[in-house]
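The values are calculated or read from the model by the stated rules, or taken from the named source; none is laboratory data. Note that this is a predicted model, so its numbers are computed, not measured. Here the Cβ positions follow ideal geometry from the backbone for every residue, glycine too, while neighbour counts run over all protein chains shown. Heads up: the accessible areas ignore ligands, DNA and RNA and are worked out on the full protein's heavy atoms, side chains in. Shrake-Rupley method; radii C 1.70, N 1.55, O 1.52, S 1.80 Å.
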Amino acid sequence: MSVWAVLAAAGRGERLGRVADSAAGQGPAAPPSQDRPKAFAQLQGRPLLAESLERLEASAWVDSIVVVAPPGWEEPVILLAEELGCGKVVASVAGGESRAASVRIGVGEVPDDAAVILVHDAARPLVSEPVLERLIEALNEGWDGAVPGLALADTVKRVREDAVVETLPRGELRAVQTPQAFVASVLREAVADGDEATDCSGLVEARGGRVTIVEGDPLLLKVTTGDDLAGVESWIRGSEAR
Ligand code: CTP
Ligand code: MG
């Protein structure tokens, strides 16, 4: 059974750029920094992308990796993969305007005989082996898809303008992360339409696919702002010190 990982890394990182620019004294109204996309933001002296790339490379569950790169950064991605000794990286392709478009491009690089496609965000650097194992196990049990999720600490309310219109039952809610795993044929069909989805599972669900949730990992936090980047950095430093 071959497992392919599609690593979505094509985003611009506008919110991260905004923080960096205002820290540089240009003020919050300055346009986002465009000199380097989020995947190449520095995390402990190397690109953010390096962390997830290395972890997917080391995983016993992943056979091959497709990186969806920021347009114009396909070559630096290949050089980084070579530098890290990531021999599982078979393609680096330019992404699209939205995450969904980027994932569709990445899935297009996966050969027809792949059994499973894992979709992961480079913005979540700390992907771990136990999460990958839980996802693949769920597919082996017969699910079309599996996503990692965490119970919520906060109560969630639906609001319209200033008014609260509904309080959602917290016990039924999960915050969903990546990587997300799918039977390859199911994901292929799902990504063919729909550019608005923020996660692949939503597309699969909309088509009637059966998706299960497995225990997520608080360390799979998504790097959106400079504070997030600092948080991941301090966790890595702490884990190295142990
Ligand atoms: N992504 C992508 N292609 C896009 C947009 C996003 O591959 N056109 C990827 C990002 O690289 C990231 C993941 O999807 O790994 C989640 O997106 P997000 O955290 O929003 O990253 P950015 O879009 O880069 O950040 P921002 O929205 O602040 O610009
Ligand atoms: Mg975005």
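Residues that are within 14 Å of ligand 1 (Cβ to nearest atom), farther than 30 Å from Glu233 by Cβ and touching a Cys at 6+ places or on another chain (Cβ under 9 Å) within the stretch 171-223 comprise just one, Val191. Out of everything in the stretch 74-103 that is within 16 Å of ligand 2 (Cβ to nearest atom) and open to solvent by 50 Å² or more (accessible area, probe 1.4 Å), what residue ends up being nearest to Ser239 (Cα to Cα)? Among those that are within 16 Å of ligand 2 (Cβ to nearest atom) and open to solvent by 50 Å² or more (accessible area, probe 1.4 Å), it is Arg99. Take the residues in the stretch 32-55 that are modelled with pLDDT under 90 and within 16 Å of ligand 2 (Cβ to nearest atom), then tell me which one is surrounded by the fewest Cβ atoms within 10 Å (Cβ to Cβ). That would be Gln34. Of the residues Glu161, Glu129, Glu189, the single one that is open to solvent by 70 Å² or more (accessible area, probe 1.4 Å) and in contact (Cβ under 8 Å) with a residue 12 or more places away in the chain is Glu189.
Within the stretch 41-53, the set of residues being under 21 Å from Val90 (Cβ atoms) and out of contact with any helix residue (DSSP H, G or I) (no Cβ under 7 Å at 6 or more places or on another chain) comprises Glu51, Ser52. Going by what's in this entry, would Val127 be described as closer than 14 Å to Gln180 by Cα, within 16 Å of ligand 1 (Cβ to nearest atom) and touching a Lys or Arg at 6+ places or on another chain (Cβ under 7 Å)? Answer is yes for this residue. Taken as a whole, the stretch 105-112 holds no residue that is farther than 26 Å from Leu139 by Cα, of a type outside the set (A, V, I, L, M) and either surrounded by fewer than 21 Cβ atoms within 10 Å (Cβ to Cβ) or more than 16 Å from ligand 1 (Cβ to nearest atom) (or both). Within the stretch 193-214, the set of residues being surrounded by 12 or more Cβ atoms within 10 Å (Cβ to Cβ), touching a residue at least 12 places away in the same chain (Cβ under 8 Å) and in contact with a helix residue (DSSP H, G or I) (Cβ under 8 Å, 6 or more places away or on another chain) comprises Gly194, Asp195, Ala197, Cys200, Leu203, Val204, Ala206, Arg207, Gly209, Val211, Thr212, Val214.
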